[in-house]
Structure formats: structure tokens, C-alpha cells
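For reference, the structure discussed in these notes is given below.
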Amino acid sequence: MSSFHKNIEKIKQLVIIAGGKGTRLGLTDIPKPMVKIKNEPILEHQINLAKKYGIEEVFILSGHMSDVIKKYFKDGQDFGIKIHHIIEPYPLGTAGCLKLAEPFLDEKFLLFYGDIVMDFDIKNFVKFNADYKDIIGSIVVHPNDHPYDSDLVEIDEQGLVRKFISKPHPSGRYYQNLVNAAVYLFSKKIFKYIENNKFQDFGKDILPEVVKQEERLAGYKSAEYIKDMGTADRFEKVKTDFESGKVVSLNRQNKRPCIFLDRDGVINFNMDSSPNVEDFKLIPGVVEGVRKINQSGFLAIVATNQPMIAKGFLTFDELSKIHKKMETMLGEERAYLDGIYFCPHHPERGFAGEIEELKVECNCRKPKSGMLLQAQTDFNIDLARSWMVGDSERDIIAGQNAGCKTILITTGKNNYNADYCAENLKEAVDIILNEEGGTI
């Protein structure tokens, strides 16, 4: 076994759902997955990515103009990989057509939708899935800048999917900004939810039922480039991103800089006296600042101390609701966070209702840098090129301890030895982007 697969279950097979017509792209002579970027069809880019990570066999499931796909790829010999073609007799949907491949698949396999432009660390995705026991599979999820018109996914602190929320969303509710990226790793247990010869869709029919039946389905958070190109505008955008090298550069294997953000006093007005979801309010300029981070290519990650939990003044569920409101408010203005890390601990005792097991000295409570280091592991962050933006001395020390540059949000004179001071997040982001040349 190669070093790549050492201690990781080897996944040999990829299924690609390639039945798209491309009506919104105005296609008439080729199916949607055969649209070319840099002189190669989207399908070929997907197959080359899979080959890079050890995939040996690809099953292309098609229907509309399947002869075009079959003529181009044949048996895969010219592409250095085994390719099988399975043609649906009539439209069966993203899940219904998979049933046709059931007899030929290993116990575990990858599945892509054929209209997705992507480059992501498949090795880490496979490792993530292998860390769970008795799991039916994993799905890639990520934030986007239009969650209000997207089908959303909710996952818990263990990384397990708890809910699928289809658009349009009920009004007056707050959600995690996590979208199903249409990239899956399944065990064959998934087939017990798919009927023969019936039109079924993964997002609308199969996965919600899987969760309803309390199967263990994990959500793999990724900040990598995984986008569909189903409309003319989206196609032009992903084409530009691919040709500029952005698609490849955001693969998790490439280190990426981050702008770490404290929460209270940086993103929202301080909530120490009233830690209720109703009292959460964004500070003016925050939306624009976070949006600029998103557009620059830096990761935007919150690292916040939440000692109110240890003191007994706030529950984990209440904190989750606050963070959902934060993500929803940002998402409504086309801004998003790549991750949220919080420390629930507090070492001092003597609070009525305090949570005994959380009254500890930990490595995550700022000024220690545990949250930043955990994010580094999760996202492969280049800390030397990263920044910490906070409004207290402990934020600045945490950033310095992690090897980051620092900016203090303040209107006072004491800068706590931060590299820069700013009056708000928008100004802080402008300073960073000016220092870094605008984008990474």
C-alpha cells in the first residue's frame, strides 16, 4: 500500500452523475458535463482529479446525449483509468440512476455531480469519513455568499448531519450557512434508501430520509473550490477562476492564510450583560469587512472565548442560536465565515449554576492560541501569513503566540503591542489587504 493510503481505507471507485442537459447554458450539441474549460470537458477535469488521489475506476451515469460522453471517453484507456458507461433508460434523478450501478460498486465509493468545477483534498475527505464508526457516508458542505436561496445543511458539534433545510426557508429563523456541495462518499448501505426504477433525488428525497431514520451521515466542512456551473453567469465565473489558477490554489493541500476574528467587540456589540440571541447586533461595517475577506481569498474564521457557558449563564444550544443568527445576518448581505471556534471554559469558580466540568485550565481560552492552532490543523492555515483581529490584550497575545500579525480594534491609546490599530473591522481589513497587496 502506498504512503498516500497508509492507515486510510483505500477508495478505488468514483461515480459521476452526468445526466445534465445544460438547458440554461443554451447547449444543443453536447450535454452539460461535456462543456469545456481550458480545452477539456468538466468530466475530464473531475476524472483527472480523482486519478491524482488514487481512484482506479470511474462509472459515468448518463442519459441525455450519452453517446457524446461515451464516444469521447470510451473505456478510459486513453485517460489512464478504467471507465464504465451506464445509461439510464429514462430520467431517474441523481439517486435513482445510481441504483443502476449498485451491482458493480465496492463497499465504499465516491460520487460527484457532473456539473461541478472543483479541486479538493480527497485524501483528507476519505480520512474524515474513516474517523467515524457505523457511518452511511459523508457529504461535503461549505458556506456560500447566497445561503438565502440555497438548500442548507445543519450539522452538530460531532460533525453529524442533523437536518436538511430546503429553500425557500421559513421566515424568522436562523440557520448555519452550510450548503450541500454535491460531493459524497457513500457505503453501499445507501442503496436501501433508493428504489428501483423510480425518479429520486439525493438532496430532496434520499439524504433527508437517511437523517430522519437516524443514520449516521457526516458533514465535511471545506473551504475549497467546489462550485456548480449550471447557469451562464456561473459558468463564466468558474471558467475565469479555473483559468486564473484559483480553483487549484484553494485545495486544502496548499497552505492558505487566514484572518482570525474575535467576536464580541469586533463582529457584534458586546453581549456580556445580556447573552441572548435577541440582543445580538452586528457592528456597522462588519458585513463589508467580512465580504472583503471572502473576496480576497483569505479565510475568515471566528475564535471567541465564551466563558458564560462555564459560568452557567449561557447554554451550548443558546450559543448555537446566536451563531446561527450571526451567519444568517452575514449571509443576507452576501458575506460568510469559513469557521467558528469557541472556548466554553473558565477557570475561576464561585458562580451560581456554574458547570463543574468546564471550570478548567484549557489550551483554547485566549490568550492561549488553541483555537487558532485547531483551525490551522483543520484548514491547513499558514499562520505566518495570517492575522488576528481583536479588541482585547488576550486577543493580541493569542495571535502573537500563534505567529500571526495582529490588529487591535480600539479608539484608545493602548495598543497592547499589536502591529496595527483600527477603529472597526472594515478599517482593519483594509489595512490587511493594503499590506498583502489586495488578495492572496
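The values are calculated or read from the model by the stated rules, or taken from the named source; none is laboratory data. On a predicted model such as this, the values are computed, not experimentally measured, just so you know. We place every Cβ from the backbone using ideal geometry, glycine too, and count neighbours over all the protein chains shown.
Numbers at a glance
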quantity: Some residue of the stretch 349-365 being touching an Asp or Glu at 6+ places or on another chain (Cβ under 6 Å) and of a type outside the set (A, V, I, L, M, F, W, C); calculated: no
quantity: Residue 154 vs. criteria within 28 Å of residue 43 (Cβ to Cβ) and either of a type outside the set (Val, Ile, Thr) or surrounded by fewer than 23 Cβ atoms within 10 Å (Cβ to Cβ) (or both); calculated: no
quantity: Given (1) surrounded by 15 or more Cβ atoms within 10 Å (Cβ to Cβ); (2) without any contact (Cβ under 8 Å) to a residue 12 or more places away in the chain, index of the condition residue 265 fails; calculated: (2)
quantity: Subset of the stretch 304-325 that is charged (D, E, K, R) and in contact with a helix residue (DSSP H, G or I) (Cβ under 9 Å, 6 or more places away or on another chain) - its residue that is surrounded by the most Cβ atoms within 10 Å (Cβ to Cβ); calculated: 311
quantity: Residue that is in contact with an Asp or Glu (Cβ under 8 Å, 6 or more places away or on another chain), assigned by TED's automatic domain parsing to the domain that holds residue 269 and not aliphatic (A, V, I, L, M), where the choices are 392, 369, 386; calculated: 392
quantity: Flag for residue 301 being crowded, with 18+ Cβ neighbours inside 10 Å, out of contact with any strand residue (DSSP E or B) (no Cβ under 8 Å at 6 or more places or on another chain) and either in contact (Cβ under 8 Å) with a residue 40 or more places away in the chain or not in a strand (DSSP E or B) (or both); calculated: no
quantity: Some residue of the stretch 96-109 being among the aromatic types (Phe, Trp, Tyr), more than 21 Å from residue 45 (Cα to Cα) and either in contact with a Ser or Thr (Cβ under 6 Å, 6 or more places away or on another chain) or in the same structural domain as residue 18 (by TED's automatic domain parsing) (or both); calculated: yes
quantity: Residues of the stretch 409-429 satisfying the condition of being modelled with pLDDT of 95 or more and either outside the structural domain of residue 267 (by TED's automatic domain parsing) or in contact with a helix residue (DSSP H, G or I) (Cβ under 6 Å, 6 or more places away or on another chain) (or both); calculated: 418, 420, 422, 425, 426, 429
quantity: Candidate set: the stretch 200-241, residues that are in a strand (DSSP E or B) and of a type in the set (A, V, I, L, M, F, W, C); chosen: the one farthest from residue 93 (Cα to Cα); calculated: 218
quantity: Subset of the stretch 40-74 (residues that are aliphatic (A, V, I, L, M) and part of a loop (DSSP other than H, G, I, E, B)); calculated: 55, 65
quantity: Residue check for residue 191: of a type outside the set (A, V, I, L, M), touching a His at 6+ places or on another chain (Cβ under 8 Å) and either over 30 Å from residue 294 (Cβ atoms) or surrounded by fewer than 20 Cβ atoms within 10 Å (Cβ to Cβ) (or both); calculated: no
